[in-house]
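What follows draws every value from the coordinates through simple rules; no lab data is involved. For clarity, every value in this text was computed on a predicted model and none was experimentally measured. Positions of Cβ are backbone-derived with ideal geometry, glycine not excepted, and every protein chain shown enters the neighbour counts.
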Amino acid sequence: MNEYAQQPYPEVVPGPDDARTAMLLAEDYAGMVSEMSAITQYVYADITISPRDEKVAKAFEQVSLAEMRHLELIGDAILTLGGDPRYASQGRYWSARYVDYASRPREALRRAIRAENEAIAQYRRHIALTRNNSVKRLLERIIMDEESHIALFTKLLDEMR
């Protein structure tokens, strides 16, 4: 299972519109559609699915580890840009209400694919909204991982049919 694309993650350096870019990254970090939400959704799926389908549970566990790496990278980027990597976005702290608590393997996989697509769409919006090229490169690299997660989840879902 390849939950990480093979390219290294680019380093983020200060640039234009740092405060605005840090606010955009806070949404990716701990907003409704965020790495924090993905981690908790996938850990929940791993725990609740493991008694029924160890292969699917293991995939959720492995992808959650990749999402943890993304959380760390985005948190570091926020700090580099002068922001505070609290688990908050747009003045609201992250909430467990953001988690999709699907616990049946097929439904959890479908919802994970939807969540990954939503994350990619949000990353692409943020790439368009920032002028910091190093942040653009980081988000483009994270998208590569998210696309590999979609491929993995889709493969597992197809194997169930």
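Computed on the range 18-159, with alpha-carbon pairs under 8 angstrom and 6+ residues apart, the relative contact order is 31 percent. Residue separation of residue 84 and residue 133 scaled by 0.36 nm, minus their Cα-Cα distance, works out to 15.6 nm of gained length.
The angle between the Cα long axis of helix 133-159 and the longest principal axis of the Cα atoms of the chain comes to about 10 degrees, rounded to the nearest 10.
Ranked by how many other Cβ atoms sit within 10 Å of their own Cβ, fewest first, the residues 125, 111 fall in the order 125, 111.
Extension gain for residue 124-residue 69 works out to 17.9 nm (0.36 nm per residue, less the C-alpha to C-alpha distance).
Using helices alone, what [θ] at 222 nm do you get for the chain, with -39,500 (n - 2.57) per DSSP H run of 4 or more residues, divided over all residues and rounded to the nearest 500? It comes out at -23000 deg cm²/dmol, rounded to the nearest 500.
Treat the count of other C-beta atoms within 10 Å as a stand-in for reagent exposure and order 126, 70 from fewest to most.
Values: 126 18, 70 25.
Going from least to most buried by this count: 126, 70.
Extension gain for the segment residue 47 to residue 101, taken as residue separation times 0.36 nm less the Cα-Cα distance, is 18.3 nm to one decimal. Close amide H pairs (under 5 Å, H built 1.01 Å from N) link residue 89 with 94, residues at least 5 positions away or on another chain. Taking Cα atoms only, the orientation of helix 35-49 departs from the longest principal axis of the chain by about 10 degrees.
Taking other C-beta atoms within 10 Å as the exposure proxy, 67, 107 rank 107, 67 from fewest upward. The label-point distance for residue 19 and residue 151, in a model that sets each label 7 Å from Cα toward Cβ, rounds to 4.2 nm.
What per residue convex hull volume, in Å³, do the alpha-carbon atoms of the chain yield?
Dividing the Cα hull volume of the chain by its residues yields 89 Å³.
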